[in-house]
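Participant: Below is the structure I would like to discuss, written out as structure tokens.
The values are calculated or read from the model by the stated rules, or taken from the named source; none is laboratory data. These numbers come from a predicted model, not from an experiment. Cβ atoms come from the backbone with ideal geometry, glycine included; neighbour counts cover every protein chain shown. The area values use the complete protein model at the heavy-atom level, side chains included, leaving out ligands, DNA and RNA. Shrake-Rupley method; radii C 1.70, N 1.55, O 1.52, S 1.80 Å.
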Amino acid sequence: MQPFTLNYARPAVQLDVIAPYAYDSGLQLNVLPDGRIAATDHATLRALGTTTSTAGSKTHFDD
């Protein structure tokens, strides 16, 4: 028997977007190429809406 919700579940859509930041495991934050913390860059936040972590859950903001 298949659960009802599996009739409607779909995998998350993967976007072909390259984030202008990378995860720094030492700081445990996303950083821009020049070393600034991505979550403090207003232009990045305006363009992307968030700087989700690539280290774990993609549902929280880096702070």
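Participant: Mind checking which residues of region 1-23 are open to solvent by less than 100 Å² (accessible area, probe 1.4 Å), more than 13 Å from the chain's Cα centre (by Cα) and under 28 Å from Ile37 (Cβ atoms)?
Facilitator: Within region 1-23, just Ala12 meets the criteria.
Participant: Could you check how many residues of region 24-40 are at positive phi and open to solvent by 90 Å² or more (accessible area, probe 1.4 Å)?
Facilitator: Going through region 24-40 one residue at a time, the tally reaches 1.
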